[in-house]
Amino acid sequence: MSEHALRHTDVSLTDGQSARWAGAMTTPMMLAVATRLAAARPAAIEIASPATLQQCVARGEDPWQRIELLRERCPGVALRAAVALLTEHGKRGVDVISTEVATLWLRELAQRGISEIVLIDPMVAIERIAPVLKEAKALGLTTIVALPVTQESTRSDDDLRAQAAALARAGATRLMLRDEAGLLTADRLTTLLPALRAGLGDMPLDLHLRCQTALGPMVALEAVRIGIDGLDTAFAPLANGASVPALGTLLKSLRMLSSETSISEQTLHAVGEADRLLAELADRHGFAPARAWVFDLAPYVHQLPGEVAAQFMHRLAALGLAHKLHAFANECARVRRDIGEPPMLAPFPRPIAEQALLHLQGTPRYAELRPGVRRILQQVHGASGAVDVRLAQRVGALPKKLAPSVASLRAAYPEASDAALVLGQICGVAPEAVPAPASPETMRYVATTPADALLAELTARAARYALLSVQGPGVAIQLQGTEA
C-alpha cells in the first residue's frame, strides 16, 4: 500500500474541536497552536465553518478577525472554509442562503486569504449549488462540493454516481464524499469509490468520514489503498470518536504497510509535536481527553453526524439514560421516517435528536413538536420525502418568504459592513450584534489552568464577602474580603 499523492486536510480547528471539545477552542487558543499545526505541512487547514462562526459570535469573538490572524500564522499553507447553503437558526426567510448572500460570504472569505471552500447542500440541489460554484470560481477559489452519505438502501452506488456526475457538470473542482455519521465500511468502499470514479472522470475525489462506529481509521486506510485523492484528518487530541481519523496514526499505518512510502521521520515528528501541544492545551483547560468510541450499531440507526452525536451522547449520560442508547437511536430513526427522511446533515439532525429525546423522556409522541421539526415538515429547505400526513396537516403550510437581497440588507442596516450582514444571515443575529475586532492584547493566549480561572473569578467576587473559602481535591483557596 502507498499513500501515492494523498492530500490530507486538517480539520482540527473546525470539526475536530467542535466534536471533541464542544466548540470551546477560543481564537487565542487557535493562534497559540496554529504555527505548530502548519509545521506538519497538511495540504490545507480548514479554519472556518458555519459552526465555528456561530461559536465565535456566541463568545463575543469576531470570526473574520480569527481568519485574518490564522492566515498570518500559517504562511505557505492553503486555508479552507466550509460554506453551507442551509441554516439552522430558524429565522424566517433565511432557511436557505441565497446565491447573492453566498457570493458575499465567499468574497469576504477570499479577501481574508481563504483559497478553498467545501460547499455543502445536504439536499444536493443543483439549482442552488451551480450558481454558487460559478461565483466561487470567479473569485479564484478551489471548490470542493460535498456528496452526503446515508444508510438508506435507496442510496445505491448508481444513485451516488449520478449525483457525482451532476455535481461535476455543475462546475466543482473536486468532489467530497461526506460521511458525517461514520456509516461507511471497507466493503462498501470497494464498489462505491470505483462507481464514483466512473461518474467523475478525472476530477479528484476526497473523503470526509467520522469515527462514531470506531471503524473510521480502518475505512480511511482502505480508501487510501483504493486510491482516494484527499482525506480529512485531525491531530490526535481532536480526532476519533465523533471526529475524523487521527493523522499521526494514519501516517504510521501507511508507513507500516508499505516500504515505498515517502512519509519521513521529520513529518511524523512535526505531527507528534502538534499532538503534544494540543494535549497540553486540553489538560490545562480541562477539555475531554481523546478517546476512541467502542463499536456499536447505534450510529447506523440514528445516523447523527459527529457534533450532534457527541452532544446527545453527553446529554443521555447526564440524564442517566445512557443505557437507553439503542431506544434513542430507534426513536431518531422513527422521527426521521415520519418527517420525510431528510439527509442527516445540518440543519436536520439536531431537531430530530431533540424530538427523539423528548419521546424517550416520556413525553407522548409528538405531543410537543420541536421548532426545527416543524420547519422540516413545512419543507422550508425544500422537499425530501413523504411525510406523515397527520403531522403535515397539524403544522400546515408555510407561505414562502423570499430571502432578503443584499441591497435590502444594506438599506435596512446602513451602518453595518458586508461582513456583519453575512454573519447576520449565517448565524441568525442582527448585524449590529456581531462582535467587533478585539485588541491585539486580548488575542494573546495566556496559559491558565482551571484552578487559575477559578482563583481569578473568586478574587473578583471576594470584596463582597468577609471570608471566601473553597476546598476540593488538590485545591484550597481562602480569600479575605472587605465585608463585615
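The values are calculated or read from the model by the stated rules, or taken from the named source; none is laboratory data. In this text the structure is predicted, and so the values were computed from the model without any measurement. All Cβ positions, glycine included, derive from the backbone under ideal geometry; neighbour counts span all protein chains shown. We work out accessible area using only protein heavy atoms, side chains counted, and drop any ligands, DNA or RNA first. Shrake-Rupley method; radii C 1.70, N 1.55, O 1.52, S 1.80 Å.
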Can you work out which of the residues in region 293-334 that are open to solvent by 50 Å² or more (accessible area, probe 1.4 Å) and within 18 Å of the chain's Cα centre (by Cα) is farthest from residue 178 (Cα to Cα)? 314
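Results for (1) of a type in the set (A, V, I, L, M, F, W, C); (2) without any contact (Cβ under 8 Å) to a residue 24 or more places away in the chain; (3) part of a helix (DSSP H, G or I), shown as yes or no for each residue.
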position: 279; (1), (2), (3): yes, no, yes
position: 288; (1), (2), (3): yes, no, no
position: 324; (1), (2), (3): no, no, yes
position: 334; (1), (2), (3): no, yes, yes
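Does residue 277 qualify as being under 20 Å from residue 19 (Cα atoms) and assigned by TED's automatic domain parsing to the domain that holds residue 50? Outline the logic, then answer.
On the way: under 20 Å from residue 19 (Cα atoms): yes; assigned by TED's automatic domain parsing to the domain that holds residue 50: yes.
The answer is yes for residue 277.
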Region 94-113 residues that are small (Gly, Ala, Ser), paired with ones that are assigned to a helix (DSSP H, G or I) (beta carbon under 8 Å, 6 or more apart): 102/132; 102/135; 113/67; 113/68; 113/71
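Given the residues 391, 398, which is the only one that is part of a loop (DSSP other than H, G, I, E, B), more than 28 Å from the chain's Cα centre (by Cα) and of a type in the set (A, V, I, L, M)?
The match here is 398.
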For residue 206, all conditions in the list (1) among the acidic types (Asp, Glu); (2) open to solvent by 20 Å² or more (accessible area, probe 1.4 Å); (3) within 27 Å of residue 299 (Cβ to Cβ) hold save one; what is the number of the exception? (2)
Hey, residue 340 hits all of (1) within 20 Å of residue 178 (Cα to Cα); (2) assigned to a loop (DSSP other than H, G, I, E, B) but one; which does it fall short on? (1)
Can you go through 371, 343 and tell me which one is open to solvent by less than 40 Å² (accessible area, probe 1.4 Å) and under 22 Å from the mean Cα position of the chain (by Cα)? 343
Would you check if there is a residue in region 356-363 being within 15 Å of residue 342 (Cα to Cα) and free of Cβ contacts under 8 Å to residues at least 24 places away in the same chain? no
